[in-house]
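The values are calculated or read from the model by the stated rules, or taken from the named source; none is laboratory data. Note that this is a predicted model, so its numbers are computed, not measured. Because the Cβ atoms are built from the backbone with ideal geometry, glycine has one as well, and the counts that use them run over all protein chains shown. Accessible surface areas use protein heavy atoms only, side chains included; no ligands, DNA or RNA. Shrake-Rupley method; radii C 1.70, N 1.55, O 1.52, S 1.80 Å.
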Amino acid sequence: MAGSIEPGPPLWLLAELTYRCPLHCVFCYNPTQHARLRDELTTAQWVDVMRQARALGAAQLGFSGGEPLLRDDLEELVQEAHRLGYYTNLITSGVGLTPARAQKLKDAGLDHVQLSFQDSTRELNDFLSHTRTFDLKQKVARLIKAHDWPMVMNCVLHRHNLPHVRKIIDMAVALEAEYLELANTQYYGWAWVNRDHLMPTRDELERAEAEVRAFRAEQEAQTGGHRCRVLFVVPDYFERRPKACMNGWGSVFLSIAPDGMAMPCHNARDLPGLALPSVTTTPVADIWQRSQAFNAFRGDAWMKPPCRDCDERDKDFGGCRCQAFLITGDPTQADPVCSKSPYHEQVVRLVQQAPQGRVVPIVFRSDDESRLLHPQATP
């Protein structure tokens with residue numbers, strides 16, 4: 001198999017329990033065709049997956065979606081994960097986390113909660129998610145702290161909320177988040193569809209990053225009080241070297257989709273030429289160690305110039321395969337955010353043109369695929 005090497009264990013298991021979600025975020029990374037994928041693994045099937053992955057060495061387990069709280073068996077799955085020895089993380093919009101349910105999850109052994117916000121203002125938060133959830137998220141944040149969970153607050157950044165970065169940080173501090181992840185939009189899924197609406201200018205990005213540095217300096221000068229660690233993830237399009245996507249293809253990350261499809265990254269389902277295996281028919285060990293999909297881009301045997309000849313190939317592993325496919329049409333190309341890529345100028349043009357680009361309607365995440373063909377105008 002191309003690029004095949006002996007893999008280590010899948011340290012991080014992401015259980016995408018469902019693609020169902022009460023939010024309709026314009027930057028959602030779930031597949032735009034998620035409405036076709038209605039089958040979901042049963043409780044017993046998820047338990048079996050967790051046991052197999054733990055036997056392989058998986059140590060961290062994220063319960064994600066969609067919205068994982070829509071699964072009635074979430075507490076049962078958390079309890080089994082805790083019994084198996086996983087460190088568990090619930091990745092949630094907060095919708096459905098009532099006091100009663102929070103206590104059940106605490107009793108089941110849930111270790112950690114990541115709560116998403118879309119902005120520091122009610123108006124923009126609710127517009128971007130196409131729901132009225134800002135006040136609910138504030139209540140959920142306090143509920144998380146009341147149950148003594150470490151809390152990561154996540155906010156996806158883009159041209160609409162980058163000017164609010166300091167207010168988002170202040171909100172995270174006020175809600176006593178241990179971590180604030182300011183993850184600039186990466187352009188997959190619905191974010192790819194809405195790229196022209198989301199892409200910031202370089203000046204907007206640099207001003208936001210300066211706000212983050214200023215906050216960090218202020219916090220360093222403090223002698224006491226609550227400390228919030230702020231992580232600022234720069235969008236790939238603004239870099240000249242690619243990130244080591246997922247720490248390398250098939251290196252530490254194993255994602256299981258709601259229907260049981262096993263993937264080396266969230267968006268691998270969209271890549272051509274991959275025979276993605278399913279946990280319903282193939283043991284997890286075989287998937288991880290021997291499947292065509294997980295070995296397709298392991299190591300460097302699959303690489304062609306300029307990656308093959310680059311002295312950084314062991315650091316970035318050629319970058320993101322999904323990004324390469326979306327921009328070049330070929331997942332075996334070097335990640336085009338790299339200045340050595342022959343396609344890099346396409347990325348430069350996307351950055352330069354998008355903020356002033358085509359006037360196109362915004363498309364909210366929806367179960368109706370026809371909206372991708374006939375999107376409604378921006379409200």
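Within the same chain, aspartates and glutamates fewer than 8 places from Lys104 are excluded, and of the rest, those with a Cα less than 13 Å from its Cα are Asp72, Asp73, Glu75, Glu76. Taken about its Cα centre, the chain carries a charge dipole of about 300 debye when Lys and Arg each add +1 at the Cβ and Asp and Glu each add -1 at the Cβ.
Only one residue of Pro272, Ala191, Ala293 has its Cα farthest out toward the positive end of the dipole of the chain, where Lys and Arg carry +1 and Asp and Glu -1 on Cβ, and that residue is Ala191.
According to the square roots a ≥ b ≥ c of the eigenvalues of the Cα gyration tensor, what is the shape class of region 239-319, taking rounded for a/c under 1.5, prolate for a/b larger than b/c otherwise, and oblate for the remainder? It comes out prolate by the Cα gyration axes. Overall, region 232-283 carries a charge dipole of about 180 debye about its Cα centre when +1 sits on the Cβ of Lys and Arg and -1 on the Cβ of Asp and Glu, all other atoms neutral. Only helices enter this figure: runs of n ≥ 4 DSSP H residues, each worth -39500 (n - 2.57), summed and divided by the residues of the chain, yield -9500 deg cm²/dmol at 222 nm to the nearest 500. Solvent-accessible area assigned to carbon and sulfur over the chain amounts to 51 percent, based on a 1.4 Å probe. In this structure the chain gives 43 Å² per residue of accessible area when probed at 1.4 Å with all protein chains present. The packing ranking of peptides 293-299, 318-324, highest mean first, is 318-324, 293-299, where packing means the average number of other beta carbon atoms within 10 angstrom of each residue. In region 1-111, taking the dipole from charged Cβ atoms about the Cα centre, the farthest positive-side position among Ala58, Gln45, Leu13 is held by Leu13. Among the listed pairs Lys243/Lys304; Lys137/Lys167; Lys167/Lys243; Lys145/Lys167, a Cα-Cα separation exceeding 24 Å is found for Lys167/Lys243.
Rolling a 1.4 Å probe over the protein heavy atoms leaves Phe27 with an accessible area of roughly 30 Å².
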